[in-house]
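These notes concern the structure reproduced below.
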Amino acid sequence: MNVPDNLKYSKDHEWIAVDGNIVKLGITDYAQGELGDIVYVDIDSDLSDIIKGEPFGTIEAVKTVSDLIGPFSGKVTELNTALIDSPELINTDPYGEGWMLIVEIADTSEIDALLDSAAYKELLG
Amino acid sequence: MKQTRFNKIHHTLGAKMVEFAGYEMPVQYSSIISEHKAVRNSVGVFDVSHMGEIFISGEKALNFVQLITVNDASKLNPGKVQYSAMCYADGGIVDDLLVYKIADDNFMLVVNAANIEKDFNWMVENNEYSVEIKNRSDVYSLLAVQGPNSKNVIQNFLDDELNLEFYNFTQTRLANIDMIISRTGYTGELGYELYFTGDETDAEKVWNKIFEAGREYDIKPAGLAARDSLRLEMGFCLYGNDIDQTTNPIEAGLGWITKLKKDKFIGQDAIKKVKEEGIKKGLAAMVSGERIFPRKGYDIFSDGKKIGTLTSGTVSPVLEKPIALGYIDAEYKSVGTKVNIVIRNKEVPAEIVKLPFIEK
């Protein structure tokens, strides 16, 4: 299982790459493995904000559907539109080409509440 | 939880294992879609040893099979297989099954894993002809070798030429193990099913032989998830989803296996009545052009009104489109009718189509 040290993690199995108050997020290698073949990523193309604890989209895999949960609140500045036609990028490259959103975070203290790689590994057991 | 004799192999291959009908079964090995495509394009192998094998023997074996199944087993010669169903007196489906005629006084009935006990008890309860009913599910292993290259794989280790017609079987030896090989399957592809007894070592021998012979065809193990998407592309019913005790064969589109004119069988009168009066609801096939994933339990709407419920759904790996089966009010059943599938409170357009979903 790949859990890069330079990322932050949410309990909902999202990874977050932090650069000041600009963050990039996607789902972890563990999450994509659990979901299996991802068929659609359903995020509104005009999604402007995400809210901590609230669903901002869904992932449809062959086996199951899973909500995407905001790990913090912020303004969406970019969506990975490549996922519309190639959702399998999440399976093949979850931390790279499979990224989902770039978000401008409102309250950077919310980042501190996220897990580091050691804590996330512990969560996975 | 029960295990098949291939359990160790599945674990060694890193399969994702799940509980299914009381068995620990592989749901996928690598990727569902790649396993699905291996079967459509070359060859894949399913461990379906959880399926049930119930043997009916005795002088009146045929009379008994005729009584408990809806298809006409009197049409079978030894070596023939028939798709059929067992019904309750009210026409509801006990199970769908395969009937193998081994000899005039000997039949093998292959039933769904989840229904083995229920089916066996039902047979015993209705044993009007004093036949011998033996549940040998636990001693039989079953592998399904499916795909356009399946014949090449099986032929590789048979001395005689494999010349089986569709829904025929032969009793032969493979890897020095006696087995029944039938040209059957649940995928819509050319395929064979191998029934054999023996221990784990025997099972592993057969598995290894098949994979050796299949290497040149890039043979892949395939799990229950691919089995489900493959059968759904063909529109084959799955018991527990598309058929159960609340649906009858006519509603389920299984009128073609229900021979109402044959001698008495359980459910005959009720099904006759359904046919005369016409069905109120029926199983329909739907395709959508939208980016949705239809699933069992989703509602089907038309003009803001609920007209049915999905019983199976997936995104077809071949069509790359959402496909689904569901029961809908009979007036909406005709091909070309536009309906809406409700997904998370959103109505998504779909259209009634003819089965199979894919061309075969």
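Computed quantities for the displayed model
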| item | result |
| --- | --- |
| Residues of type lysines that B:K8 reaches as a straight line, Cα spacing below 30 Å, ignoring anything fewer than 8 places off in the same chain | A:K63, A:K121, B:K16, B:K37, B:K118, B:K134, B:K151, B:K205, B:K209, B:K220 |
| Projected label distance in nm at A:D67 and B:K280, using a 7 Å step from Cα toward the beta-carbon | 3.6 |
| Overall Cα dimensions of segment B:11-50, principal axis frame, Å, largest first | 31, 18, 16 |
| Partner lysines for B:K305 [C-alpha distance under 20 Å; skip if fewer than 8 residues away on the same chain] | B:K280, B:K281, B:K296, B:K333, B:K338, B:K346 |
| Per-bin percent of Cα-Cα distances, segment B:319-360 [5 Å] | 5, 18, 31, 26, 14, 5, 1, 0 |
| Convex hull volume of chain B per residue (C-alpha atoms, cubic angstrom) | 133 |
| Equivalent ellipsoid semi-axes - Cα gyration tensor, the protein assembly as shown, angstrom | 45, 29, 18 |
| Residue-averaged beta-carbon neighbours from other chains (10 angstrom radius) around A:26-39 | 2 |
| Separation of the B:E125 and B:D138 label points, Cα + 7 Å toward Cβ, nm | 2.3 |
| Sparse-neighbour loop sites [chymotrypsin sites (Phe, Trp or Tyr not before Pro); segment B:124-190; at most 11 other C-beta within 10 Å; DSSP] | B:F166 |
| Computed FRET value (nearest 0.05) for B:E161 with B:L260, which takes r as the C-beta separation and R₀ as 45 Å | 0.70 |
| Evaluated over segment B:280-360, the Cα radius of gyration and Dmax, each in Å | 11.3, 36 |
| Theoretical FRET efficiency, 1/(1+(r/R0)^6), r = Cβ-Cβ of B:E117 and B:D178, R0 35 Å, to 0.05 | 0.85 |
| Relative contact order for chain B, counting Cα pairs under 8 Å that sit 6 or more residues apart, in percent | 18 |
| For segment B:1-159, average projected area of the Cα convex hull in nm² | 11.0 |
| Cα pair distances in segment A:32-106, grouped into 10 Å bins until the bin that holds the longest one, percent each | 20, 53, 26, 1 |
| Over chain B: helical MRE at 222 nm, DSSP H runs n ≥ 4 each giving -39500 (n - 2.57), nearest 500 | -6000 deg cm²/dmol |
| Positive-end residue of B:M123, B:F55, B:S141, charge dipole of segment B:1-158 with Cβ unit charges | B:S141 |
| Length released on extending from B:K8 to B:V335, taking residue separation times 0.36 nm less the Cα-Cα span | 113.1 nm |
| Projected label distance in nm at B:K75 and A:E110, using a 7 Å step from Cα toward the beta-carbon | 6.5 |
| Share, in percent, of DSSP beta bridges within chain B that are antiparallel, nearest 5 | 95 |
| Considering only segment B:52-135, percent of DSSP beta bridges that pair antiparallel, nearest 5 | 100 |
| Sequence-separation-based contact order of segment B:1-53, relative, with Cα cut under 8 Å and 6+ spacing, percent | 32 |
| R0 of 22 Å, Cβ-Cβ distance B:V318-A:D93: FRET efficiency to nearest 0.05 | 0.30 |
| Distant-in-sequence amide H partners of B:V94 (H built 1.01 Å from N, under 5 Å) | B:M86, B:C87, B:Y88 |
| Paramagnetic label zone (point 7 Å from Cα along Cα-to-C-beta, B:E347; backbone N under 13 Å) in segment B:305-335 | B:305-308 |
| Sparse-neighbour loop sites [GluC sites (Glu not before Pro); segment B:271-360; at most 15 other C-beta within 10 Å; DSSP] | B:E290, B:E320, B:E359 |
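Readers should treat all values here as calculations from the given coordinates under stated rules, not as data from a laboratory. Keep in mind the model is a prediction, meaning the values are calculated, not measured. Using ideal geometry, Cβ is built from the backbone for each residue, glycine included, and neighbour counts are taken over all protein chains shown.
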